[in-house]
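Reading through the structure tokens given below for one structure.
The values are calculated or read from the model by the stated rules, or taken from the named source; none is laboratory data. This is a predicted model, so every value here is computed, not measured. Glycine gets a Cβ as well: all are built from the backbone with ideal geometry, and neighbour counts include every protein chain shown. Quick note on the areas: whole protein, heavy atoms, side chains included, nothing else; ligands and nucleic acids left out. Shrake-Rupley method; radii C 1.70, N 1.55, O 1.52, S 1.80 Å.
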Amino acid sequence: MTRILFIHNTVMWYRIPFFKALTDIYSVKFIFNHGKVSNKLYGVDTPEEIEGLQGVEYEVLSNHLGIAWGLVQRAWEDYDLLVGGSWDSIPEIVESVYYLTVAWLRRKPIVLWREDWAWDDPSLKSRLLKPLKKFMIKISSAIVLPGTKHREYFLSLGSNPEKIFLMPNVSNQTIQKEDYNKTAQLKEKMNLKNKKIVLYVGRLIKRKGIQYLLSALSQLENEDLVLLIVGSGEYETELKSRVQELGLADKVIFTGNIPQENLVFYYLMSDLVVVPSITYGIGDPWVLVLNEAMYFKKPVIATEAVGAACDMIKDNENGFIVPEKDADALAQSMVKILEDDDLKLEMGQKSYEIIQNKFRYHNMVNGFKQAVEYSLNKE
């Protein structure tokens, strides 16, 4: 078996099936070097013993002064190929430059895994990072990216197109027969029977563009329409004030955070799922909410600031892609779906077909395998 040293900042629930599948093909040692990332983003800790990774070789490194010093030794261990590379924070940059340089000097193939695309970021930080990105691209043997927008960006940075491989992001949502009854019970408990339900799932931060979704909602005249906002975050108080200003108090419900295993009920009861993200410092690298909503046969609307949109949404087939910060376009797209039940069902079915054909774990694993095989054959 090919021996792989796989360095990643943390492990999220939706990555576990992917990591486990890789261990059936390769001899992989996973190093998780910044477990607090998952806590910051989703309120999920990365413990030393990770549920679901039984039988997988992994290590969760502690940080001191923000640095995972354990990587100093790990970079010199015996492996055939290294997966890693990050420029998301100063500690990760320092670590990545170190272990990637070590692998390069040792003539070990490097697979770079990123989710960046060309969002408009004129900041000094972005300009300073550009040479570093080009360095990592140059020394990598292969690059795995989730979608089309990401590929275009890495080509613009000078990457050889031959060494770019698409490895779509995948979520591990499932559905059980009893979930339908539980959904009906929850819907009745929340007094949502006979309501048209628009669903937003995610953090309540400015970059998610929820303020534009509220503006769009204010344009719709359907009295039986309700927006469920699932999640929490620093922007919540301002959003609640915005709801009052727009006179939407009887049309918007803030649920707070919902356990991952219970999200199925909210997806099932919804008529439409909207991802209204905007570019705010960065765009949204992917947004797995699209994967999840489409698995549950829902029409979806997303903005051009959503990395997954152009790969997952076929305009007028399973939903719509609208310009960011355009409440009018959001409202018009919502009306088209919500006022046509036949279209809603057709779009939901098309969403499911797209997921089944292109966004399952075997698609993700195949993309990774192609990158590994290419890297090893180039050596």
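Annotation: TYR280 fulfils all but one of (1) modelled with pLDDT of 95 or more; (2) open to solvent by 10 Å² or more (accessible area, probe 1.4 Å); (3) not small (Gly, Ala, Ser); the unmet one is (1). Considering (1) in contact with a helix residue (DSSP H, G or I) (Cβ under 9 Å, 6 or more places away or on another chain); (2) open to solvent by less than 40 Å² (accessible area, probe 1.4 Å), the lone condition that ARG203 does not fulfil carries the number (2). Does VAL60 satisfy the condition of being hydrophobic (A, V, I, L, M, F, W, C), under 30 Å from LEU263 (Cα atoms) and either in contact (Cβ under 8 Å) with a residue 60 or more places away in the chain or in contact with a strand residue (DSSP E or B) (Cβ under 8 Å, 6 or more places away or on another chain) (or both)? Yes, satisfied.
Cβ-Cβ contacts under 7 Å between residues 6 or more apart (or on different chains), taken from a first residue in the range 368-379 that is at pLDDT below 95 to a second residue that is small (Gly, Ala, Ser), are listed as LYS378/SER141. If you scan the range 294-303, which residues turn out to be open to solvent by 10 Å² or more (accessible area, probe 1.4 Å) and within 15 Å of the chain's Cα centre (by Cα)? Selection gives TYR295 alone.
This table checks each residue for (1) of a type outside the set (Lys, Arg); (2) modelled with pLDDT under 95; (3) in contact with a helix residue (DSSP H, G or I) (Cβ under 7 Å, 6 or more places away or on another chain).
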| site | (1), (2), (3) |
| --- | --- |
| LYS195 | no, no, no |
| VAL198 | yes, no, yes |
| ARG207 | no, no, no |
| LEU217 | yes, no, no |
| SER241 | yes, no, no |
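As a summary of the residue check, PRO285 satisfies the conditions (1) open to solvent by 30 Å² or more (accessible area, probe 1.4 Å); (2) more than 17 Å from the chain's Cα centre (by Cα) except for the one numbered (2). Give the residue that is nearest to the chain's Cα centre (by Cα), with candidates limited to residues of the range 352-379 that are closer than 28 Å to ALA103 by Cα, among the hydrophobic types (A, V, I, L, M, F, W, C) and open to solvent by less than 10 Å² (accessible area, probe 1.4 Å). Filtering the range 352-379 for residues that are closer than 28 Å to ALA103 by Cα, among the hydrophobic types (A, V, I, L, M, F, W, C) and open to solvent by less than 10 Å² (accessible area, probe 1.4 Å), the one nearest to the chain's Cα centre (by Cα) comes out as MET364. Selection of the range 206-252 for residues being within 27 Å of GLY281 (Cα to Cα), open to solvent by less than 20 Å² (accessible area, probe 1.4 Å) and in contact (Cβ under 8 Å) with a residue 60 or more places away in the chain yields GLY209, ILE210, LEU213, ALA216, LEU217.
When the residues of the range 76-101 are filtered to those that are within 23 Å of TYR26 (Cα to Cα) and of a type in the set (A, V, I, L, M, F, W, C), which remaining residue is most open to solvent (accessible area, probe 1.4 Å)? Ranking the candidates gives TRP76 first.
Answer yes or no as to whether LYS108 is open to solvent by 70 Å² or more (accessible area, probe 1.4 Å) and modelled with pLDDT of 95 or more.
Numbers: open to solvent by 70 Å² or more (accessible area, probe 1.4 Å): no; modelled with pLDDT of 95 or more: yes.
So LYS108 does not fit the description; no.
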